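J.: There's a structure below that I have some questions on.
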Amino acid sequence: MNRKKEPTRPIPAGPRPTGPKAFDRGPLVPGAVAVLTALAVAGCSSGSSSPSSSSAAASSASSASASSASSPATSASSAAGGSASPGGPGGSNQLQADYQKVIRNVLPSVVQITTSVGLGSGIVYDDKGDIVTNAHVVGTATTFAVTLAGSTKPLDATLVATYPDSDLAVIRLSSPPDGLRPAAFGDSTKVELGQITLAMGSPLGLASSVTQGIVSATGRTVTEPRGEGSPGAVIGNMVQTSAAINPGNSGGALVNLDSQVIGINTLAATEPEANGAAAPGIGFAIPASTVTSIADQLIKDGKVTNSGRAALGISAATYFDQNFRPAGAVVVTVVAGGPAASAGIQAGDVITKIGDTPVDSLNSLTGALASLAPGSKAAVTYSRDGRSATVDVTLGTLGTP
């Protein structure tokens, strides 16, 4: 009898508890997450281990140092928009030179962040010492040790603010050194399938590592698992990449060949049938537009005042049918004058669909809304007293704490 194969699922690429070895695959924080109910993602922060402690780890993690970027495969190089074709004279050398130029331009802006329980990566955001990273890298810590690229001396840093709902945070160097190199962030709307990407960070504690791939998809919605420092964020419009993202890469840069950061590495897929081993070529990054919007607010106000996320203006919970199976999201409270109230939705209604997306739980409702924009209209299907109805709702903006 053939056993049905369990689908690969995505999990966040977040920090790992400190471990004695680079290959110690201890529990990841946060845990497994679902992408469109088909993928599983694993956190990409790592246990604290010295890059020199494992020479084999570098090849295992498919990492390349800035001084030795690997020559790309023909299939990847063919996707490079204006680069010379490897098939022509000197084509592969030209593309390799392009890679090395990007690494020289961006890698100095990527740092390693260490807390008392693990490590991750971050990106220098400005010359004042602000560094943007994932909220799950920061966790509950308020002080950090930051190691700049090309340095072995950790610098002290403190928390500016964190916004777990979008899995982003900003920390600040206590004494920013001269010569900090802020990264340049690109335009998320110009990210296209097939564009070559480089993922930069500290996988497994191997600082200043680089992997290469392409943009595999855009507009992905991913639900992170709940865990320490992570409320189980639902993140929309993520960039999917084939560049290897491993524990320790969380908070690092996903970069295009114009030396622009197009996203922050956040999630890597794992294969449940392989005991949680990495599923090659499936990683996710928070898009640059979300990163810059949230980071600017955290730096200016110490909090997020405009989440940029769509909302119905309700609180809800998973609804279970008479067979105790999840069958929708039941409205618990409705904000007076909010989007749902204006459309006639009431407490006790059970939402079963947003547009064409079925809703069978609170998580699926949150995921459906994450792919929509405030101000847009959505058809909301709900049941009341056994009858189904559909109304058009002009979505509002998700409130912030």
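Readers should treat all values here as calculations from the given coordinates under stated rules, not as data from a laboratory. The shown structure was predicted, so the numbers you read here are calculated from the model rather than taken from an experiment. Methodologically, a virtual Cβ is constructed for each residue, glycine included, from the backbone with ideal geometry; neighbour enumeration extends over all protein chains shown.
J.: Run the reach check for residue 190 against aspartates and glutamates, Cα to Cα strictly under 20 Å, same-chain hits fewer than 8 apart removed. What comes back?
T.: Once the sequence-local aspartates and glutamates are set aside, what remains near residue 190 is 98, 258.
J.: List, in order, the whole-Hz ³J(HN,Hα) value for each residue of the range 248-259 obtained from phi through the Karplus relation with A = 6.51, B = -1.76, C = 1.60 and θ = phi - 60°; use x for Gly and Pro.
T.: For the range 248-259, the Karplus-derived couplings read x, 7, 3, x, x, 9, 9, 10, 9, 7, 9, 6 Hz, x marking Gly and Pro.
J.: Could you give the length gained by full extension between residue 226 and residue 193, i.e. 0.36 nm per residue of separation minus their alpha carbon distance, to one decimal place?
T.: In short, 8.9 nm is gained.
J.: Could you tell me which of the pairs 353/377; 128/153; 128/303; 101/128 are separated by over 21 angstrom between their Cα atoms in the structure shown?
T.: Numbers: 353/377 14 Å; 128/153 19 Å; 128/303 18 Å; 101/128 25 Å.
Result: 101/128 exceed 21 Å.
J.: Roughly what would the spin-label model give for residue 379 and residue 93, points 7 Å off Cα along C-beta, in nm?
T.: In this crude spin-label approximation the distance works out to 5.9 nm.
J.: From the backbone phi of the range 370-380, what are the Karplus-calculated ³J(HN,Hα) couplings (6.51 cos²θ - 1.76 cosθ + 1.60, θ = phi - 60°) in whole Hz, Gly and Pro given as x?
T.: Running phi through 6.51 cos²θ - 1.76 cosθ + 1.60 with θ = phi - 60° gives 5, 8, 10, 10, x, x, 7, 9, 9, 7, 10 Hz.
J.: For residue 252, what residues show an amide H to amide H distance below 5 Å, using hydrogens built from the backbone and excluding near sequence neighbours?
T.: 121, 265
J.: In the range 121-201, if the dipole is taken from +1 on Lys/Arg beta carbons and -1 on Asp/Glu beta carbons about the Cα centre, which of 139, 189, 155 is farthest to the positive end?
T.: Sorting the options by dipole projection puts first 155.
J.: According to the square roots a ≥ b ≥ c of the eigenvalues of the Cα gyration tensor, what is the shape class of the range 91-132, taking rounded for a/c under 1.5, prolate for a/b larger than b/c otherwise, and oblate for the remainder?
T.: Numbers: a/c = 5.78, a/b = 2.08, b/c = 2.78.
Verdict is oblate for the range 91-132.
J.: Calculate the dipole size of the range 173-233 relative to its Cα centre from +1 charges on Lys and Arg beta carbons and -1 charges on Asp and Glu beta carbons; express the result in debye to the nearest 20.
T.: Numbers: 4 positive and 5 negative charges, 17 e Å.
Taking the Cα centre of the range 173-233 as origin, the dipole is about 80 debye.
J.: Please work out the FRET efficiency for the pair residue 145 and residue 323, using the Cβ-Cβ distance as r and a Förster radius of 45 Å; give the result to the nearest 0.05. Provide the component values of the computation, followed by the final result.
T.: Values: r = 52 Å, r/R0 = 1.16.
Step by step, r from the Cβ atoms, then E = 0.30.
J.: To the nearest 20 Debye, how big is the dipole of the range 321-401 about its Cα centre, given +1 on the beta carbon of each Lys and Arg and -1 on that of each Asp and Glu? Before the final figure, lay out the partial values.
T.: Values: 5 positive and 6 negative charges, 9 e Å.
Approximately 40 debye in magnitude.
J.: Give the peptides 152-158, 127-133, 354-360 in descending order of average Cβ contacts within 10 Å, highest first.
T.: Working: 152-158: 14.0, 127-133: 22.4, 354-360: 17.6.
Sorting 152-158, 127-133, 354-360 by mean packing, highest first, produces 127-133, 354-360, 152-158.
J.: Answer rounded, prolate or oblate for the range 260-401, using the Cα gyration tensor with square roots of eigenvalues a ≥ b ≥ c: rounded when a/c is under 1.5, else prolate when a/b is larger than b/c, else oblate. Don't skip to the end; give the middle numbers.
T.: Working: a/c = 2.44, a/b = 1.28, b/c = 1.90.
The shape class here is oblate.
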